[in-house]
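FYI, it's all coordinate maths here, none of it is from the lab. The shown structure was predicted, so the numbers you read here are calculated from the model rather than taken from an experiment. Cβ atoms come from the backbone with ideal geometry, glycine included; neighbour counts cover every protein chain shown.
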Amino acid sequence: MRRSAERYKSRAQPRASRRRAAQLLRDSRLVPKNSAQEAAFPGFSVRENVSLLSLARLITDPVLRFLRRCAERSLVSELVQRRNVKTVGIEAKIDSLSGGNQQKAILARWLGINAKIYLLNSPTAAVDIGAKAEIYRLLQEIADSGAAVLFTSTEVEEFPRLCHRVLVFRTGKVVGELTGSDATEARILGLAVGMETEKQAA
Amino acid sequence: MQTSPTDFLGWFSRYGTIIFLLLLVVGFSFARPDVFATKLNLLNVLNQASILLIISSVLTVCLVMGLFDLSIAAMATLGGYLVCKHMVDQGDNPHLWLTLIGVLLFSGAVGVLNGAIVSYLGVSAFIETLAMGSIITGAILGYSHSRTILGGIPDSFLVLGQQSTLGIPNPVIIMALVVFVLWLMLEHTQTGRNLYAIGGNQEAARLSGIPVKRYALLALGISAACAALGGMVAAANLGAGRPQGVGETYLLNAFAAVFIGASSLRPGQFHILGTLIGVLMSGAISNGLSIMGVETYWQYIVQGVLLIVAMFGAGMVVMRRR
């Protein structure tokens with residue numbers, strides 16, 4: 001993630017704004033889609049899955065990088081409790097959790113670090129209703145703590161509830177931007193299927 | 001816990017190898033109490049297993065990350081030969097430690113080159129290390145003109161493979177150090193956790209910000225250096241710098257030991273403790289069977305059967321988990 005900032009530098013931008021863009025990318029963290037391919041480490045415990053990104057804070061020194069196991073356990077216990085992950089214990093295998101709880105555990109992994117910008121790829125895809133509500137609450141909490149949250153979703157009803165600003169994509173292009181109370185389900189859908197054009201929206 | 005056939009299999013594969021190892025030791029001890037269960041013989045088993053264990057442990061580090069390293073055999077030969085060669089070339093007052101460290105650094109660098117080719121040129125590790133093994137083998141044969149170094153190897157080096165300290169053979173001490181350090185690294189450091197993460201799900205590890213490519217350099221570098229160390233112990237033990245075939249004898253046994261290890265305690269995961277069990281088992285079998293006067297060919301057959309049984313047990317556990 002960090003080094004990919006270089007790739008987004010554009011020649012056309014002035015130096016200062018390029019530097020700002022790079023800094024933004026450094027401050028942001030991508031939370032991948034919940035799927036076996038992108039986020040979970042199957043066969044490993046909930047503890048190992050959750051603590052992965054926080055390990056840098058749990059080491060004794062920067063050279064040998066020994067892990068403080070007690071600190072790791074208490075951090076994971078706290079994150080798991082706060083995120084309401086239903087598991088028999090932090091040593092349970094991540095595969096033994098339901099899809100929604102796996103997703104919550106994985107979000108807990110990213111909460112261990114305090115990023116300024118969170119980019120989430122479909123955080124509620126393939127998650128049951130109860131877990132969805134908890135994920136919404138979590139996104140709200142992150143935003144309240146002062147971080148910016150940017151997420152993608154295919155479920156229209158999520159946007160009016162959660163978002164200040166909604167960008168609607170159709171066939172890979174942004175076809176409209178809705179803010180505040182304009183971001184209603186009907187208008188988002190209208191833009192998405194092409195019933196409403198941006199001009200009308202604006 | 002309900003008992004079902006698969007639960008029993010799970011339990012069996014988790015602890016089966018350890019129980020089998022204990023049964024072997026107890027069995028051989030009862031069969032030949034005068035020979036097998038003596039301090040001398042047990043130290044002998046450890047001594048014979050030490051080089052295999054060093055090589056198996058570094059293989060474990062690579063496999064944890066999901067990389068096959070087949071160049072360790074040639075790397076061991078390289079380490080042993082280079083040290084002998086340079087010690088002899090230095091004449092009367094050879095710098096033992098400088099030579100050892102120099103050769104370790106050189107082999108480590110070759111390992112890092114392995115990692116760079118795997119990571120940045122995208123060649124699969126299995127093929128790349130096979131090719132590098134061939135290159136190294138060829139290079140040593142050319143460098144040595146296929147001549148084994150027999151005379152003039154200073155005692156200060158031979159001590160590493162032939163003497164004992166406080167009653168424990170030096171190869172066993174070196175092996176214990178290597179195993180302990182690698183165990184610490186894999187189980188108790190962020191580096192080890194990241195290696196496991198990469199082996200568990202490379203894409204997720206990358207998306208979590210772990211520099212996956214650089215870890216390949218690290219794993220293959222460590223692996224090459226430690227394999228060279230194993231080769232040095234073998235050369236010191238042998239008292240000769242052979243330019244060919246030192247590491248090769250250990251390669252397949254090392255794979256067998258590591259996979260038997262991966263089927264015990266934590267089925268489906270490679271780990272140092274399991275590797276230790278796998279190596280001790282193979283050591284106990286070959287030592288015990290030869291003490292019992294069983295023909296050598298049985299050792300190979302028994303080890304092969306054992307490997308299949310162990311892998312079958314572990315496979316059942318992993319399938320049940322899905």
Check: Once Lys and Arg get +1 and Asp and Glu get -1 on their Cβ, which of B:ILE18, B:ILE55, B:ALA234 lies farthest toward the positive end of the dipole of chain B?
Finding: B:ILE18
Next item on the list: Choose one of A:VAL156, A:ALA71, A:ALA105: the residue whose Cα lies farthest towards the positive end of the charge dipole of chain A (beta-carbon charges +1 Lys, Arg; -1 Asp, Glu; about the Cα centre).
Entry: A:ALA71
Margin query: How are the alpha carbon pair distances in chain B distributed across 10 Å bins from zero to the largest one, expressed in percent?
Written below: 6, 25, 32, 24, 10, 2, 0, 0
Next item on the list: Give me the distance in nm between label points sitting 7 Å out from Cα along the Cα-to-Cβ direction at B:ILE135 and A:THR179, one decimal.
Entry: 5.8 nm
Checklist line | Ascending count of other beta-carbon atoms within 10 Å, so fewest first, for A:HIS164, B:HIS145, B:HIS86, B:HIS95 | finding: B:HIS145, A:HIS164, B:HIS95, B:HIS86
Notebook entry, point to check: Which value, in debye to the nearest 20, describes the size of the charge dipole of region B:12-121 about its Cα centre when Lys and Arg Cβ atoms bear +1, Asp and Glu Cβ atoms bear -1, and nothing else is charged?
Noted result: 340 debye
Next item on the list: With runs of 4+ DSSP H residues as the only contributors, calculate the mean residue ellipticity of chain A at 222 nm using -39,500 (n - 2.57) per run, divided by the residue total and rounded to the nearest 500.
Entry: -11500 deg cm²/dmol
Next item on the list: Sort B:THR296, B:THR60, B:THR275 so the one with the fewest other Cβ atoms within 10 Å of its own Cβ comes first.
Entry: B:THR296, B:THR60, B:THR275
Next item on the list: Determine the dipole magnitude for region A:61-123: charges of +1 sit on the beta-carbon of Lys and Arg, -1 on that of Asp and Glu, nothing else is charged, the reference point is the Cα centre, and the result goes in debye to the nearest 20.
Entry: 100 debye
Checklist line | Inter-chain Cβ neighbour average for residues A:47-57, partner chain, 10 Å | finding: 3
Next item on the list: With just the Cα atoms of chain A, tell me how far they stretch along each of the three principal axes, in Å, largest first.
Entry: 58, 45, 29
Margin query: With bins 5 Å wide starting at 0, give me the P(r) of region A:80-171 over every alpha carbon pair, in whole percents.
Written below: 3, 12, 25, 24, 18, 11, 5, 2, 0
Next item on the list: Within the set of other residues whose C-beta is less than 13 Å from the C-beta of B:LEU70, count the net charge using Lys and Arg as +1 and Asp and Glu as -1.
Entry: -3
Next item on the list: Mind checking A:59-68 for the average number of partner chain beta-carbons within 10 Å of each residue's beta-carbon?
Entry: 4
Next item on the list: Quick one: net charge around B:GLY115, please, counting Lys, Arg +1 and Asp, Glu -1 for every other residue with C-beta under 14 Å from its C-beta.
Entry: 0
Note to self: If each DSSP helix of 4+ residues adds -39,500 (n - 2.57) and the sum is divided by the residues in chain B, what number results at 222 nm, nearest 500 deg cm²/dmol?
What the structure shows: -26500 deg cm²/dmol
Next item on the list: For the protein assembly as shown, state the semi-axes of the equivalent ellipsoid (square roots of 5 times the eigenvalues of the alpha-carbon gyration tensor), sorted largest first and rounded to whole angstrom.
Entry: 53, 29, 18
Next item on the list: Express the relative contact order of chain A as a whole percentage, based on alpha carbon pairs under 8 Å and six or more residues apart in sequence.
Entry: 18 percent
Note to self: Counting other C-beta atoms within 10 Å, and keeping those with at most 10, which DSSP coil GluC sites (Glu not before Pro) do you find in region A:37-83?
What the structure shows: none
Next item on the list: Under 19 Å Cα to Cα from B:LYS85, which aspartates and glutamates show up? Leave out anything in the same chain fewer than 8 places away.
Entry: B:ASP155
Notebook entry, point to check: Taking every residue in B:191-204, how many Cβ atoms of other protein chains lie within 10 Å of its Cβ, on average?
Noted result: 5
Item checked: Farthest toward positive dipole pole in chain B [+1 Lys/Arg, -1 Asp/Glu at C-beta], among B:LEU46, B:ILE140, B:LEU98 -> B:LEU46
Notebook entry, point to check: Mean separation of Cα pairs under 8 Å and 6+ residues apart, divided by the residue count of region B:208-322: what relative contact order is that in percent?
Noted result: 20 percent
Next item on the list: Over 27 Å between C-alpha atoms is what I'm after, so list which of A:LYS33/A:LYS93; A:LYS86/A:LYS173; A:LYS173/B:LYS213; A:LYS86/B:LYS213 land there.
Entry: A:LYS86/A:LYS173; A:LYS173/B:LYS213; A:LYS86/B:LYS213
Margin query: Only four residue types carry charge here, +1 at the Cβ of Lys and Arg and -1 at the Cβ of Asp and Glu. Report the dipole size of chain B about the Cα centre in Debye, rounded to the nearest 20.
Written below: 660 debye
